[in-house]
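Notes for the one structure printed next.
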Amino acid sequence: MLTTHFEELRMSEDESFDSFYGKLNKVVIGKFNLGEMTEDSKIVRKILGSLPESFHAKVTVIEKSKDLDKIKIQELIGSLQTYELSLPSQRKSKSLALKTINEKVEAQDSSDEDEVEKDVEYLVKNF
């Protein structure tokens, strides 16, 4: 069952790398506790093959510049965490801001629309 979970595990586009690696590590530790060792090279290949499209450029660079059989997992993790920090901020935060504005507009009556418009202009300028 753990082997199947290991094979099917993928990182979603809105998931953080740390969250994904935590799930993967939990499966690997579970397999280890049952007496099955997972080779580091297999874990490295699993990580690289399970990343979403936003990591495609970094995966290509790692595959071309490193020997996947010799790269240390911690080196790979550090590299991917650093890359994730350089990615543009998540679209989710913008949609939450707009959702809040919509809720605010619905809650206020028409006399307060000028204040809401100012809030919207401020948010648009900052994004």
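The values are calculated or read from the model by the stated rules, or taken from the named source; none is laboratory data. Bear in mind the structure is a predicted one, so any value in this text is a computation, not a measurement. All Cβ positions, even for glycine, are placed from backbone atoms using ideal geometry, and neighbour counts span all protein chains on display.
Looking for whichever is part of a helix (DSSP H, G or I) and either within 16 Å of R10 (Cβ to Cβ) or over 18 Å from the mean Cα position of the chain (by Cα) (or both) here; the options are K64, K58, K70. Which one fits? It would help to see each step written out before you state the result.
Values: K58 fails: either within 16 Å of R10 (Cβ to Cβ) or over 18 Å from the mean Cα position of the chain (by Cα) (or both); K70 fails: part of a helix (DSSP H, G or I).
Being part of a helix (DSSP H, G or I) and either within 16 Å of R10 (Cβ to Cβ) or over 18 Å from the mean Cα position of the chain (by Cα) (or both) holds for just one of K64, K58, K70, which is K64.
I need a count of the residues in segment 21-37 that are among the charged types (D, E, K, R), touching a Ser or Thr at 6+ places or on another chain (Cβ under 9 Å) and either touching a residue at least 60 places away in the same chain (Cβ under 8 Å) or part of a helix (DSSP H, G or I) (or both). Full working, then the answer.
So in segment 21-37, the residues among the charged types (D, E, K, R) come out as 23, 26, 31, 36.
After this cut, where a residue has to be touching a Ser or Thr at 6+ places or on another chain (Cβ under 9 Å) as well, the list is 31, 36.
Applying the additional criterion that residues be either touching a residue at least 60 places away in the same chain (Cβ under 8 Å) or part of a helix (DSSP H, G or I) (or both) yields 31.
So the count comes out to 1.
So in segment 26-41, with the set limited to residues that are touching a helix residue (DSSP H, G or I) at 6+ places or on another chain (Cβ under 9 Å) and either exposed (fewer than 14 other Cβ atoms within 10 Å of the Cβ) or not acidic (D, E) (or both), which one is nearest to R10 (Cα to Cα)?
In the first step, residues of segment 26-41 are kept if they are touching a helix residue (DSSP H, G or I) at 6+ places or on another chain (Cβ under 9 Å); the result is 27-28, 30-31, 34, 36-38, 40.
Those still in the list that are either exposed (fewer than 14 other Cβ atoms within 10 Å of the Cβ) or not acidic (D, E) (or both) too: 27-28, 30-31, 34, 36-38.
Working: V27: 13, V28: 14, G30: 18, K31: 18, L34: 23, E36: 21, M37: 20, T38: 17 Å.
Result: V27.
Report, ordered by the first and then the second residue, all pairs with beta carbons closer than 6 Å, sequence separation of six or more or different chains, a first member in segment 1-16 that is in a loop (DSSP other than H, G, I, E, B), and a second member that is surrounded by 14 or more Cβ atoms within 10 Å (Cβ to Cβ).
Pairs that qualify, where the first residue is in a loop (DSSP other than H, G, I, E, B) and the partner is surrounded by 14 or more Cβ atoms within 10 Å (Cβ to Cβ), are L9/L24; R10/S50; M11/F20; M11/S50; M11/L51; M11/P52; E13/P52.
Test S41 against the stated conditions and say whether it is among the hydroxyl-bearing types (S, T, Y), under 17 Å from the mean Cα position of the chain (by Cα), at pLDDT 90 or above and in a helix (DSSP H, G or I).
On the way: among the hydroxyl-bearing types (S, T, Y): yes; under 17 Å from the mean Cα position of the chain (by Cα): no; at pLDDT 90 or above: yes; in a helix (DSSP H, G or I): yes.
Here the answer is no, as S41 does not meet what is asked.
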